[in-house]
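The values are calculated or read from the model by the stated rules, or taken from the named source; none is laboratory data. Quick caveat: nothing in here was measured; it's all calculated off a predicted structure. Here Cβ is always computed from backbone atoms with ideal geometry, including for glycine, and neighbour counts include all displayed protein chains. Quick note on the areas: whole protein, heavy atoms, side chains included, nothing else; ligands and nucleic acids left out. Shrake-Rupley method; radii C 1.70, N 1.55, O 1.52, S 1.80 Å.
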Amino acid sequence: MSKAIVSPLYNSDVFKQACRQFDLAADAISLPESLRDRTKWPRRCLTVSIPLRRDDGTVALLEGYRVQHNLSTGPAKGGIRFHPNVSVGEVAALAMWMSWKCSLVGLPYGGAKGGVIVDPRSLSLGEVERVARRYMQELIGFVGPQVDVPAPDLGTNEQIMGWMMDTYSNHAGHLTPACITGKPLSLGGSLGRREATGAGVAFLVKAYLEDMKIPIQQATVAIQGFGNVGSETALALAAYGAKIIAISDYTGGIYNPKGIDLKKALEFQPYVKTLKGFPGGSAITNEELLTLDCTVLIPAALERVITKENASQLRCRLLAEAANGPTTNQADRIIDHRGDIELIPDVLCNSGGVVVSYFEWLQNLQNFYWTRDEVMEKLFRILTQAKANVEAQKRKYGFSRRLAALTLGIARVAEAKNSRGLFP
Ligand code: NAD
């Protein structure tokens with residue numbers, strides 16, 4: 001019997017990164033061979049064509065994916081990304097990380113991810129709506145409140161989730177808000193969901209700085225990516241008293257050692273969301289931002305930005321992975337070896353988003369809505385427990401924090417698969 005499936009389908013650096021992480025974790029917990037491949041490999045994958053009628057009357061054909069990595073622990077859960085660099089391998093890696101993340105924080109979900117190869121900035125609002133609706137239409141037989149519940153990710157937002165929910169509901173014949181999370185409040189969104197990922201990142205950064213005996217008021221922070229996650233993280237950390245000295249978007253970054261005026265930066269971003277030309281600091285590149293001297297470095301944009309080339313030049317004390325997969329495996333080894341940087345791994349660091357997505361889904365299913373304080377209190381309780389579990393695992397086995405988090409997430413998925421048995 002062959003030891004592993006070797007398929008060219010998901011072939012990409014980011015999928016290899018996720019697989020390598022899995023292999024290390026599976027070795028560390030001596031996961032039985034009989035469980036390895038079926039825990040590691042995505043359960044199923046859908047590729048869709050999306051014909052888009054452009055505003056000028058021409059038709060463009062786009063490609064999209066939905067990968068469901070694991071359905072053994074509940075409905076699959078994971079965001080939808082609109083970005084020109086989306087690939088099925090990237091989506092599969094992100095789906096795999098969703099499985100570990102949901103299990104790590106104890107949510108009754110499997111893992112999934114979706115994506116469309118498109119630059120939403122190059123489309124009009126109407127064109128974005130048509131892409132969103134057609135993508136959801138193609139997914140209808142494949143998703144749903146008890147099957148797979150998507151959410152926003154890079155390049156998508158509340159409005160897009162609203163259009164997708166409307167498309168699904170039209171098909172169902174009745175309002176079905178639980179088919180998707182991250183919706184506008186008027187469509188059954190949860191209070192606190194918009195800021196949940198960033199609020200969770202900031203909460204964990206504060207908790208780890210406390211462990212490191214660094215007063216948050218003395219912390220300086222550099223954040224790559226100023227979209228939903230980056231900006232909400234910045235606002236929450238600034239509210240705790242930290243100084244945000246650098247922010248960036250796809251066009252480049254802004255650096256101000258005296259602290260960036262976040263309100264002005266947010267007001268400066270027009271619909272296309274660019275910080276280019278923001279007068280509140282000096283211009284730097286995204287690469288320069290990563291190696292700034294700061295207390296906390298927060299990648300909050302794309303994966304694989306901390307590499308073997310820049311890992312030895314990082315000058316932070318704490319690396320908080322708000323983005324998914326921002327650190328390559330080689331960079332991970334360098335950071336481990338350096339020993340002077342604490343790392344909050346992505347599956348823990350950005351899990352606040354999926355936790356509050358879970359709350360939104362619960363509220364939709366029960367048609368009973370919570371206050372923002374209830375949402376935040378429950379979120380922080382779950383994150384506190386997840387952090388404690390990771391720290392206990394790290395101490396018990398002498399693992400790195402990433403390995404501790406991954407082994408906890410992977411073990412729970414494998415255990416569920418084992419208990420369910422193999423069908424047929
Ligand atoms: P977003 O689209 O709201 O914002 C993305 C930001 O990254 C924008 O400022 C964009 O300009 C910037 N960016 C894009 N390409 C870049 C590049 N090449 N270099 C530097 N910056 C670049 O997306 P988001 O929802 O904030 O997601 C950001 C990251 O957080 C992603 O890795 C996503 O998977 C992860 N994440 C998001 C959520 C969520 O709830 N939205 C939850 C968990 C994890």
Please work out if Glu391 is out of contact with any Ser or Thr (no Cβ under 6 Å at 6 or more places or on another chain) and among the charged types (D, E, K, R). yes
Would you mind stating whether Asp148 is modelled with pLDDT of 95 or more, open to solvent by 10 Å² or more (accessible area, probe 1.4 Å) and acidic (Asp, Glu)? no
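Which of the residues spanning the range 191-214 are within 12 Å of the ligand (Cβ to nearest atom) and either part of a loop (DSSP other than H, G, I, E, B) or open to solvent by less than 10 Å² (accessible area, probe 1.4 Å) (or both)?
Gly192, Ala196, Gly198, Gly200, Val201
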Flag for Val272 being modelled with pLDDT of 95 or more, open to solvent by 30 Å² or more (accessible area, probe 1.4 Å) and within 15 Å of Gly155 (Cα to Cα): no
Criterion violated by Lys264 - all others in (1) under 20 Å from Ala93 (Cβ atoms); (2) away from the ligand (no atom under 13 Å from the Cβ) satisfied: (1)
Test Ser169 against the criterion of being open to solvent by less than 30 Å² (accessible area, probe 1.4 Å), of a type in the set (Ser, Thr, Tyr) and without any contact (Cβ under 8 Å) to a residue 24 or more places away in the chain, and give yes or no. yes
Please enumerate the residues belonging to the range 153-166 that are buried (at least 24 other Cβ atoms within 10 Å of the Cβ) and among the polar types (S, T, N, Q). Thr156
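Restricting to the range 65-108, and then to whatever is of a type in the set (Ser, Thr, Tyr) and buried (at least 24 other Cβ atoms within 10 Å of the Cβ), can you tell me which residue is farthest from Leu379 (Cα to Cα)?
So the first thing to find is which residues in the range 65-108 are of a type in the set (Ser, Thr, Tyr), and the list is 65, 72-73, 87, 99, 103.
Next, only the ones that are buried (at least 24 other Cβ atoms within 10 Å of the Cβ) stay: 65, 99, 103.
Numbers: Tyr65: 30, Ser99: 19, Ser103: 15 Å.
This residue is Tyr65.
With the condition kept exactly as written, say whether any residue in the range 109-119 is among the hydroxyl-bearing types (Ser, Thr, Tyr), in a loop (DSSP other than H, G, I, E, B), out of contact with any His (no Cβ under 6 Å at 6 or more places or on another chain) and surrounded by fewer than 24 Cβ atoms within 10 Å (Cβ to Cβ).
Among the residues of the range 109-119, not one is among the hydroxyl-bearing types (Ser, Thr, Tyr), in a loop (DSSP other than H, G, I, E, B), out of contact with any His (no Cβ under 6 Å at 6 or more places or on another chain) and surrounded by fewer than 24 Cβ atoms within 10 Å (Cβ to Cβ), which makes the answer no.
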Looking only at the range 225-265, count every residue that is open to solvent by 20 Å² or more (accessible area, probe 1.4 Å), assigned to a loop (DSSP other than H, G, I, E, B) and closer than 15 Å to Leu154 by Cβ and tell me the total. 2
When you scan the range 144-184, how many residues do you find that are away from the ligand (no atom under 16 Å from the Cβ), assigned to a helix (DSSP H, G or I) and β-branched (Val, Ile, Thr)? 1
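Yes or no, residue by residue, for (1) under 18 Å from the mean Cα position of the chain (by Cα); (2) more than 22 Å from Ile160 (Cβ to Cβ):
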{"residue": "Ala178", "(1), (2)": "no, no"}
{"residue": "Pro184", "(1), (2)": "no, no"}
{"residue": "Thr220", "(1), (2)": "no, yes"}
{"residue": "Gly230", "(1), (2)": "yes, no"}
{"residue": "Tyr250", "(1), (2)": "yes, no"}
